[in-house]
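I have placed the structure first, in the form of structure tokens, so that the comments after it can refer back to it.
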Amino acid sequence: MLLAKKVIGFYLEDIETPLGRFLNLTITGLVLLSSTIFVAETYSIPAELRIILDRLDSLIIGVFALEYSLRFWCAESKIKYFFSLYSLLDLLAILPFFLGLVDISFIRIFRWFRILRLVRFIQKIVLFERISGEDSVIFARILFTLFAIIFVYSGLIYQVEHPSNSDTFNTFLDAFYFSVVTMTTVGFGDVTPISQLGRLLTVLMILTGIALIPWQVGDLIKQFIKTSRQVQTVCPTCQLSLHDTDARYCKICGTKLEKNL
């Protein structure tokens with residue numbers, strides 16, 4: 001039993017072996033597919049297609065629930081894992097379905113948080129193996145963070161406003177447009193929420209945009225400054241391409257560089 005825990009726990013986190021990479025890419029793909037299903041269901045689609053999408057979504061949630069159960073079972077400290085960021089994101093991804101079984105309709109609002117499950121995988125190099133350079137990885141991470149937050153806000157504002165303000169928030173694209181305009185503080189005013197909760201979300205969007213965007217852009221500028229002080233030399237062992245101008249050894253693996261920079 002202990003060996004099984006170690007093996008399963010290893011492959012759930014591993015990205016080097018073919019099986020570990022397959023599992024992580026599969027979960028990542030299911031997160032994206034689940035989010036796509038949510039967006040599609042905000043549009044007028046045939047009833048037959050909606051039934052198929054609902055069944056597919058239920059199957060995906062089943063996979064998420066199984067993954068969460070396995071991660072919890074394999075965790076050395078159950079309490080510490082339960083209150084970790086990744087665990088809470090996983091719970092937000094599966095709880096709406098199971099709580100929906102007892103007809104708590106408002107809980108469906110949390111289904112939009114499923115996209116945040118990608119935070120678990122955003123730090124894994126398997127998602128960036130085609131992106132070269134540390135600055136490019138950070139740039140991709142910043143873009144994903146912004147997109148994920150805008151996506152979640154779009155889903156929340158759609159869920160809140162659509163029932164009473166369907167002419168303005170008719171589809172997910174309407175909500176996405178409103179979120180982008182609001183978070184960037186452009187504020188055209190052509191789309192406005194009417195519910196109290198919708199207005200509260202709007203305030204949170206503005207505050208998030210004011211705090212998040214400058215912070216992320218600042219990180220990007222810092223990385224560009226750091227990169228400008230480095231030179232391009234590929235490490236023969238780990239393939240790291242950027243090193244400090246006075247580096248003699250690779251800062252990642254310790255391999256001696258071919259020439260003095």
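The values are calculated or read from the model by the stated rules, or taken from the named source; none is laboratory data. In this text the structure is predicted, and so the values were computed from the model without any measurement. Virtual Cβ from ideal backbone geometry, glycine too; neighbours counted across all protein chains shown. When the accessible area is computed, the model is the full protein with side chains, heavy atoms only, and any ligands, DNA or RNA have been set aside. Shrake-Rupley method; radii C 1.70, N 1.55, O 1.52, S 1.80 Å.
Identify all residues within region 159-184 that are open to solvent by 30 Å² or more (accessible area, probe 1.4 Å) and more than 14 Å from L146 (Cβ to Cβ); write none if there are none.
Within region 159-184, Q159, H162, P163, S164, S166, D167, T168, N170, L173, D174, Y177 qualify.
I need a count of the residues in region 1-16 that are farther than 11 Å from L70 by Cβ and surrounded by 15 or more Cβ atoms within 10 Å (Cβ to Cβ).
Qualifying residue count, region 1-16: 2.
May I ask you to list the residues in region 40-92 that are of a type in the set (D, E, K, R), open to solvent by 80 Å² or more (accessible area, probe 1.4 Å) and part of a loop (DSSP other than H, G, I, E, B)?
Matches in region 40-92: E76 only.
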